[in-house]
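Novice: Structure incoming, see below.
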Amino acid sequence: MAGRRVLVVGSGGREHALVARLAADPGVDTVLAAPGNPGMAAHGRCHDVAVDDHAALVRLARDEAVDLVVVGPEGPLVAGLVDVLAEAGIAAFGPAAAAARLEGSKAFAKSVMDAAGVPTAAWVAAATREEALAALDRFARPGVPWVVKADGLAAGKGVVVTADRTEAEAAIDAALGGRFGDAGTTLVIEEFLAGPERSLFAVCDGDDAVLLAPAQDHKRALDGDAGPNTGGMGAFSPVAGFALGDAHVDVLRDTVVRPVLRELARRGSPFRGLLFVGLVDTVDGPKVLEYNVRFGDPETQVVLPRLTSGLVDLLWAAATGSAATGDGVASVPVTFADDAAVTVVMASAGYPASSSHGDVIDGVGTADACTGVHVLHAGTARDADGRLVTAGGRVLAVTALGRDVDEARARAYGGVARIRFAGAQHRTDIGRTGHGGT
Ligand code: AMP
Ligand code: GLY
């Protein structure tokens, strides 16, 4: 089919990267976004429909004769948006709710991993304070932190990694005390995995998967991996020692992706969409930290700009059950440039504890005009006077391509230097050689 009409659901940097890439795709006629943001508006029309208003999204897709809906965030996936679209006969890239539980419940994900024989951290589920404290005892090791997780979705705030027993107990009490609502009535307490984190994207069609280029995120707020966890302060791709086409990465498809697809299919909930594998490269080999059921943010901002083949045909093939022809071979061409990409997140004052809205942003156009730079919008809006203002914690993802990570990083930071808003904060060490074990 030539000239598809695609609707991207979401409003962040990941969705801007998807919209920008799809708008440049020869197989795409029109890109729409809901609700979108001012950055996406440069590539296609944005419709003011919230991601949790499933009925309105179905109406929009129908009214606009959309061929394919691409769902960005996990919330609507876990809440069943793709099921509702399927009932309405609308093709969507993203898993149905039953498969999206892989991200919606950490205990479910762990049980699937165990059944599938996937290497992951040892874990226990705890529903009472006694069980949780016994789990802390079980995983107590000198100098090694505890990992306490709320079972359900908690907007990235449900995980505490701490070497301080008092803090670990406080996290247990807060979650069981209702801090995350139903998401925290069960806890997962698990073994700490030491090593650099990698992000692997697998485009899945229910049976098989096509891997995209790996990326690395920087989760902590401050330079040198200090400070609190965030949604991600920047990312880079490729990752040294972790290249697509390496025997190593091909093996990962067979050890951490396909067994999970098989297990979910066996349970009657095949996974179609983007399976994001968060890995830790431990001394005992790669182990799965978590699965997400959607593209990573900000990893997408560095993976998609490197994709030289079409995107919509691949997403369409996955949505309709034919992305791979067996043995992970893509049914449509999937190629990546040797070029590297780096994205640096500029966050608003107070992030990650809070965020500042309405601060006027200057310099985006100047930054965008720099060689290799594309400023992706994450949390922006227009004020009553049409000025670009902050509208979230992560505001912009200043992204650049270069011959290697060093050049891409220098270009991205050149873009960052041209952008100003009150309280702006960013890390200065995104993609730095040697950082995060690369
Ligand atoms: P999650 O919300 O599951 O992505 O976890 C947030 C972050 O906490 C991860 O990106 C890791 O940096 C850290 N983390 C989670 N689980 C573990 C673990 N078992 N060992 C070490 N770090 C972890
Ligand atoms: N960057 C991590 C995530 O998207 O969950």
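Novice: Give, as ranges by residue number, the residues of region 309-348 whose backbone N falls under 16 Å from the point 7 Å along Cα→Cβ of ALA265.
Specialist: 318-331
Novice: In debye, nearest 20, what is the charge dipole magnitude of the chain about its Cα centre with +1 on Lys and Arg Cβ and -1 on Asp and Glu Cβ, if you could check? Walk me through the numbers before you get to the answer.
Specialist: On the way: 39 positive and 54 negative charges, 67 e Å.
It comes to approximately 320 debye.
Novice: A follow-up question, please. Ignoring ligands, DNA and RNA, please state the percent of accessible area on region 338-432 from carbon and sulfur, probe 1.4 Å.
Specialist: Working: 1820 of 3870 Å².
Carbon and sulfur atoms account for 47 percent of the accessible area of region 338-432.
Novice: Under 5 Å between amide hydrogens, which residues at least 5 positions from LEU376 or on another chain qualify, with H placed 1.01 Å from N in the peptide plane?
Specialist: ALA397, VAL398, THR399
Novice: Oh, and also: At 1.4 Å probe size, with every protein chain present, just tell me what the per residue accessible area of region 372-438 comes to in Å². Before the final figure, lay out each step's value.
Specialist: On the way: 2770 Å² over 67 residues.
That works out to 41 Å² for each residue.
Novice: Using the Cα centre as the reference, give the magnitude of the dipole from point charges on the C-beta atoms of region 57-124 (Lys, Arg: +1; Asp, Glu: -1; all else neutral), rounded to the nearest 20 debye. Before the final figure, lay out the partial values.
Specialist: Numbers: 5 positive and 8 negative charges, 51 e Å.
It comes to approximately 240 debye.
Novice: Next question. Is the shape of region 346-430 best called rounded, prolate or oblate, per the rule: a/c under 1.5 gives rounded, else a/b larger than b/c gives prolate, else oblate, with a ≥ b ≥ c the square roots of the Cα gyration tensor eigenvalues? Don't skip to the end; give the middle numbers.
Specialist: Details: a/c = 2.60, a/b = 1.55, b/c = 1.68.
Judged from the Cα gyration tensor, region 346-430 comes out oblate (a/c at least 1.5, b/c at or above a/b).
Novice: Further question on the same structure: Find how many whole Å separate the alpha carbon centroid of region 219-283 from the alpha carbon centroid of region 1-27.
Specialist: 23
Novice: Got a number for carbon plus sulfur as a percent of region 138-195's accessible area, 1.4 Å probe?
Specialist: Numbers: 1470 of 2790 Å².
Within region 138-195, the accessible surface is 53 percent carbon and sulfur.
Novice: Around GLY234, which amide H atoms from residues at least 5 apart in sequence, or from another chain, sit under 5 Å from its own amide H, with H modelled in the peptide plane?
Specialist: HIS218, VAL345
Novice: Could you check the spin-label model distance between HIS357 and PHE108? Points 7 Å from the Cα along Cα→Cβ, value in nm.
Specialist: Output for this residue pair reads 3.0 nm.
Novice: Treat each spin label as a single point 7 Å out from the Cα along the C-beta direction, and report the ARG220 to ASP404 distance in nm.
Specialist: Here the answer is 2.6 nm between the modelled labels.
Novice: Which whole-Hz ³J(HN,Hα) couplings does region 180-197 yield from phi under the Karplus relation 6.51 cos²θ - 1.76 cosθ + 1.60, θ = phi - 60°, glycine and proline marked x?
Specialist: Taking θ as phi minus 60°, the curve returns 10, x, 5, 4, x, 6, 10, 10, 10, 10, 9, 4, 7, 9, 9, x, x, 8 Hz for region 180-197.
Novice: Something else now. Would you please classify the overall shape of region 164-278 from the alpha carbon gyration tensor, given that a ≥ b ≥ c denote the square roots of the eigenvalues, rounded means a/c under 1.5, and beyond that prolate means a/b larger than b/c while oblate covers the rest? If you can, show how the numbers build up before the last one.
Specialist: Details: a/c = 2.46, a/b = 1.33, b/c = 1.85.
In terms of gyration-tensor shape, oblate.
Novice: How many angstrom lie between the Cα centre of region 312-347 and the Cα centre of region 66-112?
Specialist: Rounded to whole Å, the Cα centres lie 19 Å apart.
Novice: Could you derive backbone 3J(HN,Hα) for region 249-260 from the dihedral phi with the Karplus parameters 6.51, -1.76 and 1.60 (θ = phi - 60°), listing whole Hz in sequence and x where the residue is Gly or Pro?
Specialist: Here the 3J(HN,Hα) series is 6, 4, 5, 4, 4, 7, 9, 10, 10, 5, x, 6 Hz.
Novice: Here's something else I'd like to know. Mind giving me the nanometre distance, one decimal, between the label points for ASP338 and THR308, set 7 Å out from Cα along Cα→Cβ?
Specialist: Here the modelled spin labels are 0.9 nm apart.
Novice: So if each residue of separation counts as 0.36 nm, and I subtract the Cα-Cα distance between ARG59 and THR325, what length gain in nm does that give? Mind showing how you got there, number by number?
Specialist: On the way: separation 266, 0.36 × 266 = 95.76 nm, distance 3.38 nm.
Between ARG59 and THR325, full extension yields 92.4 nm more.
Novice: Write down the accessible area per residue of region 73-227 in Å², having rolled a 1.4 Å probe over the full set of protein chains. Can you show the working numbers first?
Specialist: On the way: 5940 Å² over 155 residues.
It amounts to 38 Å² per residue over region 73-227.
Novice: Still on this model: What would the Debye formula give as log10 I(q)/I(0) at q = 0.06, 0.12 Å⁻¹ for the alpha-carbon point model of the chain, no solvent?
Specialist: Scattering profile of the chain, log10 relative to I(0): -0.23, -1.00.
Novice: Assuming 0.36 nm per residue, please report the length gained on full extension of the stretch VAL144 to VAL251 beyond their Cα-Cα distance. Please list the in-between numbers first.
Specialist: Working: separation 107, 0.36 × 107 = 38.52 nm, distance 2.91 nm.
That works out to 35.6 nm of additional length.
Novice: Just to confirm, what accessible area per residue do you get for region 1-51 at 1.4 Å probe, in whole Å²? Write down the numbers at each step before the final one.
Specialist: On the way: 1720 Å² over 51 residues.
Roughly 34 Å² per residue, with all protein chains present.
Novice: Still on this structure, please answer the following. Under a 5 Å amide H to amide H cut-off, with H placed in plane at 1.01 Å, what residues pair with LEU289 once short-range neighbours are removed?
Specialist: Close amide H contacts, sequence-distant or interchain: GLY278, LEU279, VAL280.
Novice: Towards the positive end of the charge dipole of region 42-192, with charges on Cβ (+1 Lys, Arg; -1 Asp, Glu), say which of HIS47, PRO119, VAL160 has the farthest Cα.
Specialist: PRO119
Novice: Please work out the Cα center distance from region 375-429 to region 141-159, rounded to the nearest Å.
Specialist: Between the Cα centre of region 375-429 and that of region 141-159, the gap is 29 Å.
Novice: A follow-up question, please. Would you kindly derive the ³J(HN,Hα) couplings of region 106-116 from the backbone phi angles with the Karplus curve 6.51 cos²θ - 1.76 cosθ + 1.60 (θ = phi - 60°), listing them in order in whole Hz, with x for Gly and Pro?
Specialist: With the stated coefficients, region 106-116 comes to 5, 5, 4, 4, 5, 5, 5, 4, 4, 5, 8 Hz.
The values are calculated or read from the model by the stated rules, or taken from the named source; none is laboratory data. Computed from a predicted structure; not experimentally measured. FYI the Cβ positions are ideal-geometry reconstructions off the backbone, even for glycines, and counts take in every protein chain you see. For accessibility, only protein heavy atoms count, side chains too; no ligands or nucleic acids. Shrake-Rupley method; radii C 1.70, N 1.55, O 1.52, S 1.80 Å.
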